[in-house]
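**Student:** I have a structure I would like to understand better, so I am pasting it below and will then ask my questions one at a time.
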Amino acid sequence: MVKMEEMTIKNLLDGRTPVIMGILNVTPDSFYAASRNTSVEGVVERARQMVAEGAAILDVGACSTRPQSTPVDETEERRRLLPALEAIHAELPEVPLSVDTFRSSVAEECVRLFGPFLIINDVSGGEAALPGVPYVLTCPTADPESFFDEQLPLLAHKGVTDVILDPGFGFGKTVEDNYRILSHLSGLRRFGLPLLVGVSRKSMIYKPLGITPDEALNGTSVLHTIALRQGASILRVHDVREAAQCVRLLDMLNKT
């Protein structure tokens with residue numbers, strides 16, 4: 001287990017097989033209904049389950065960013081988020097936490113309260129980055145390679161150097177864009193940074209198949225397998241057990 005006072009992306013991932021980031025939504029309106037938690041108790045129970053099933057990181061969000069959603073205001077995001085983080089950390093003090101927010105002020109408060117334990121997971125593409133804090137840079141366009149080329153020097157100038165790259169499946173992209181990016185995911189390894197893939201139960205799976213998010217677990221596992229073969233370091237998922245099985249089986253394959 002990584003010592004929290006020493007936590008960086010490098011020592012979290014270094015020398016390990018890909019890891020699982022479990023999604024914890026403290027919201028009533030996330031696109032996948034089964035992932036919604038509206039009580040601190042429910043979030044903690046789900047966090048314990050995810051860690052038992054193999055999650056190495058817990059990603060906690062309190063403001064839905066699903067397509068066509070209206071974000072809650074900052075006050076409501078804080079009201080939902082901070083008690084959940086406090087309770088999860090009290091219950092699972094050795095588990096790294098990721099805060100899913102696009103607001104720099106929310107990120108700053110979380111770092112002030114829980115600093116050594118946090119990664120900031122920001123879908124805005126750079127707004128919530130803070131100097132010296134591990135950071136997930138999410139691409140909001142259909143051209144991740146160009147976006148990362150432009151943004152990484154800007155982050156470095158701000159003192160943000162401990163970075164994970166997320167191509168941003170579903171953010172500002174068509175279904176076709178998502179599959180083009182997935183098919184060329186290995187090209188993003190040229191940046192020398194860990195790659196996070198978040199495709200779990202998204203529309204790029206359920207729309208082509210004519211199904212619902214509730215029915216999209218099998219398709220999710222297929223895309224996780226492809227992403228791992230292309231060099232994904234972190235899978236951000238709703239279904240930890242199944243994702244961990246993908247990682248384990250591919251690890252067996254890679255050892256042959």
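The values are calculated or read from the model by the stated rules, or taken from the named source; none is laboratory data. The shown structure was predicted, so the numbers you read here are calculated from the model rather than taken from an experiment. Ideal geometry is used to build each Cβ from the backbone, glycine not excepted, and the neighbour counts take in all protein chains shown.
**Student:** Pick out, from the range 115-226, the strands (runs of 3 or more DSSP E) lying fully within it that include 3 or more residues that are touching a strand residue (DSSP E or B) at 6+ places or on another chain (Cβ under 6 Å) and of a type in the set (A, V, I, L, M, F, W, C).
**Tutor:** 118-122, 163-166
**Student:** In addition: What pairs come up if the first residue lies in the range 141-160 and is among the acidic types (Asp, Glu), the second is assigned to a loop (DSSP other than H, G, I, E, B), and their beta carbons are under 8 Å apart, counting only those six or more places apart or on different chains?
**Tutor:** Pairs found: none.
**Student:** Looking only at residues that are surrounded by 16 or more Cβ atoms within 10 Å (Cβ to Cβ) and of a type in the set (A, V, I, L, M) in the range 171-186, which one is nearest to Pro140 (Cα to Cα)?
**Tutor:** Out of the qualifying residues, it is Ile181.
**Student:** Please count how many residues of the range 113-128 are more than 18 Å from Lys158 (Cβ to Cβ) and surrounded by fewer than 16 Cβ atoms within 10 Å (Cβ to Cβ).
**Tutor:** Residues that pass the stated criteria total 2.
**Student:** If you don't mind, another one. Considering only the range 222-256, state which residues are without any contact (Cβ under 8 Å) to a residue 60 or more places away in the chain, farther than 22 Å from Arg48 by Cα and surrounded by 18 or more Cβ atoms within 10 Å (Cβ to Cβ).
**Tutor:** Leu223, His224, Ala227
**Student:** Can I ask one more? Based on what the data block shows, is Thr174 among the polar types (S, T, N, Q) and in contact (Cβ under 8 Å) with a residue 40 or more places away in the chain?
**Tutor:** no
**Student:** Any residue at all in the range 63-78 that is at pLDDT 90 or above and either small (Gly, Ala, Ser) or within 17 Å of the chain's Cα centre (by Cα) (or both)?
**Tutor:** Scanning the range 63-78 turns up no residue that is at pLDDT 90 or above and either small (Gly, Ala, Ser) or within 17 Å of the chain's Cα centre (by Cα) (or both).
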